[in-house]
Amino acid sequence: MQAQAFRPEEQLITEEPYYEPVGNEIELFESAYKNKIPVLLKGPTGCGKTRFMEYMAWRIKRPLITVSCHDDLTASDLVGRYLITGGETRWVDGPLARSVRSGAICYLDEIVEARKDTMVVIHPLADDRRVLPMEKLGEMLEATDDFCMAISYNPGYQSVLKDLKQSTRQRFIALEFDYPSAALEQKIIAKESGVSDEIAASLIKFAEMTRNLKGSGLDEGASTRLLVHAAKLIASGIPPVEACRAAIGQALTDDPDMIAAVNELSSTLF
């Protein structure tokens, strides 16, 4: 039996990701990391949670292993499993085990989308024990001092059946994210895409209009991520109305009436 080789340097972020702080989230994360406290990021889709994690991984110089959680994600997917390769049985570490062994940051994005059995393996890592039960190996893997557990979810988009239990959330410190202020969001869009301040300002106004429709036909308004997508299309020569239709209207909903309404909003601004 052979274990899978893993080189954590392959997950290092060597160039500084662009990130604009909106509060004291950087200082809070660094303090939590030093004190070995796991971190929960909560906020709407596309508001910068993943970019923040990339920035913090670069800042504290630790590998970042990101897992996008989904309905079929099991505890074995995170911890690892035996595989038969070339007639030989090999144990293959999952992303969580790799993170624990190498002292990486393990970021479980949209944790509530994963199956409930994943919490069984997360809980011992997210309290004072800092251990990962490896039942199939008969091993209790202790986290190194450098290991960090981070999870995220969107509390405004979850149903009662997909919410974090108190037994989970009270193991973490929580950092709340939201869309940046209009001025900061305009700066981010211009920086990320290269469009003029005038175009960026118009996109911000458009975003505010769509965000006002949340709960009145839209599950979510235009995120900062979608605004950057639209801005990049515009910077590439796509007419603004067409860029907003493709990057924002069609991305937000499949409802024909709502798509028409969102497209009408962009037409009033561009």
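Please give the net charge around residue 221, taking every other residue with its beta carbon less than 13 angstrom from that of residue 221, where Lys and Arg add +1 and Asp and Glu add -1.
That sum, taken over residues with Cβ under 13 Å, equals -1.
By counting other Cβ atoms within 10 Å of each Cβ, how are 140, 56, 119 ranked from fewest to most?
Ascending Cβ contact count within 10 Å gives the list 140, 119, 56.
Among bridges DSSP assigns within the chain, what percent are antiparallel (round to 5)?
Taking every DSSP beta bridge with both residues in the chain, the antiparallel ones total about 35 percent.
In whole Å, what is the distance between the alpha-carbon centres of the stretch 228-263 and the stretch 24-59?
30
Kindly provide the helix-only [θ] at 222 nm of the chain, computed as the sum of -39,500 (n - 2.57) over DSSP H runs of four or more divided by all residues, to the nearest 500 deg cm²/dmol?
Using -39500 (n - 2.57) per qualifying helix, the result is -11000 deg cm²/dmol.
Run through the DSSP bridge list for the stretch 1-130 and note the antiparallel percent, rounded to the nearest 5.
45
Using a simple charge model, +1 on the beta-carbon of Lys and Arg, -1 on the beta-carbon of Asp and Glu, nothing else, what dipole does the stretch 182-269 show about its Cα centre, in debye to the nearest 20?
The calculated dipole for the stretch 182-269 is roughly 300 debye.
Based only on other Cβ atoms within 10 Å, what is the fewest-to-most ordering of 197, 77?
Ranking 197, 77 by Cβ neighbours within 10 Å, fewest first, gives 197, 77.
How would you rank 106-112, 86-92, highest first, on the average number of other Cβ atoms within 10 Å across their residues?
Order by mean packing, descending: 106-112, 86-92.
How tilted is helix 25-34 with respect to the longest principal axis of the chain? Cα atoms for both, answer in degrees (0 to 90, nearest 10).
Value to nearest ten degrees: 0.
Quick one: dipole size for the chain, taken about the Cα centre, charges +1 on Lys/Arg Cβ and -1 on Asp/Glu Cβ, in debye to the nearest 20.
560
Can you list the lysines whose alpha carbon is less than 18 Å from that of residue 36, not counting same-chain residues fewer than 8 positions off?
Leaving aside lysines fewer than 8 places away in the same chain, those within reach of residue 36 are 61.
Can you tell me the 0 to 90 degree angle between the C-alpha axis of helix 182-193 and the longest principal axis of the chain, rounded to 10?
Tilt relative to the chain: about 80 degrees.
Cα to Cα, under 16 Å, and not fewer than 8 places away if on the same chain: which lysines meet these conditions relative to residue 191?
232
Given axes a ≥ b ≥ c from the Cα gyration tensor, I'd like to know whether the stretch 217-266 is rounded (a/c under 1.5), prolate (a/b larger than b/c) or oblate.
Oblate.
Considering only Cα-Cα distances, which of the following residue pairs are longer than 26 Å: 49/165; 187/214; 34/136; 165/205?
Over 26 Å Cα-Cα: 34/136; 165/205.
What number, in percent, do you get for the relative contact order of the stretch 107-183 if the mean sequence gap of Cα pairs under 8 Å and at least 6 apart is divided by its residue count?
Values: 56 pairs, mean separation 27.4, N = 77.
Across the stretch 107-183, relative contact order equals 36 percent.
Among 263, 246, 193, which residue has its Cα positioned farthest towards the positive end of the charge dipole of the stretch 129-270, with +1 placed on the Cβ of Lys and Arg, -1 on the Cβ of Asp and Glu, and the dipole taken about the Cα centre?
Comparing the listed Cα positions along the dipole, 193 ranks first.
As I understand it, the dipole of the chain uses +1 on the Cβ of Lys and Arg and -1 on the Cβ of Asp and Glu, about the Cα centre. Which of 26, 183, 43 lies farthest toward its positive end?
26
Averaging sequence separations of C-alpha pairs under 8 Å and six or more residues apart, then dividing by the length of the chain, give the relative contact order as a whole percent.
Numbers: 443 pairs, mean separation 52.5, N = 270.
Across the chain, relative contact order equals 19 percent.
With a ≥ b ≥ c the root eigenvalues of the C-alpha gyration tensor of the stretch 60-144, is it rounded (a/c under 1.5), prolate (a/b larger than b/c) or oblate? It would help to have the intermediate numbers written out before the result.
Details: a/c = 1.43, a/b = 1.23, b/c = 1.16.
It comes out rounded by the Cα gyration axes.
No value in this document is a laboratory result; all are computed from the given coordinates. Note that this is a predicted model, so its numbers are computed, not measured. Note that we place each Cβ from the backbone using ideal geometry, even for glycine, and neighbour counts take in every protein chain shown.
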